[in-house]
Amino acid sequence: MKTNPFIKGSMQAIILNLLEQNGSMYGYEMTKAVREISKGKIVMNEAALYPALHKLEEQGILSTEHKKIEGRMRKYYKLTSQGKKESSQLIHSFQDTIETLQKLLNPKFI
């Protein structure tokens, strides 16, 4: 990801939201989706992504499945039932934080 600390701190929420919206995805697919959705403003690199995915898997938030696609093995990630609950809570928390930050940074809109 770019060195924006706000975006870096949002990594888990971004991953969980992508998986909530898409069901299951493999790593490169996630990086591509972030780049496309953000129109290139956010770049999630694999060096940042995979440690976050592994941590979420260790916590029981994600499960994985290996699939052979066009001769290549891909590791797909998806939310566990625990992950679905935590995803909802984390995304809601981030949305509240973003709304609060918008009020603080644009006080004329309060």
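The values are calculated or read from the model by the stated rules, or taken from the named source; none is laboratory data. Given the structure is predicted, the values throughout are model-derived calculations rather than measurements. Every residue, glycine as well, gets a Cβ built from its backbone with ideal geometry; the counts of neighbours run over all protein chains shown. SASA here: full protein model, heavy atoms, side chains in, ligands and nucleic acids out. Shrake-Rupley method; radii C 1.70, N 1.55, O 1.52, S 1.80 Å.
Observations on the model:
- Of 72, 35, the order by accessible heavy-atom surface (1.4 Å probe, DNA, RNA and ligands excluded), from most exposed downward, is 72, 35.
- Figure note: 28, 77 ranked by solvent-accessible area, largest first, 1.4 Å probe, ligands and nucleic acids not counted: 28, 77.
- Surface composition of the chain: carbon and sulfur atoms hold 52% of the protein heavy-atom accessible area at a 1.4 Å probe.
- For residue 24, neighbours were defined as the other residues whose beta-carbon sits under 12 Å from its Cβ, and their charges (Lys and Arg +1, Asp and Glu -1) total +1.
- (1) 21, 18, 12; (2) 28, 17, 11; (3) 38, 14, 11, with the label sought being that of the calculated semi-axes √(5λ) of the Cα gyration tensor in Å: (2)
- For the chain, averaging the sequence separation of C-alpha pairs within contact (under 8 Å, six or more residues apart) and dividing by the residue count gives a relative contact order of 27 percent.
- Accessible area expressed per residue, segment 6-110, with surrounding protein chains retained (probe 1.4 Å, Å²): 67 Å²
- Relative to the Cα centre, the charge distribution of the chain, modelled as +1 at Lys and Arg Cβ and -1 at Asp and Glu Cβ, gives a dipole magnitude of about 300 debye.
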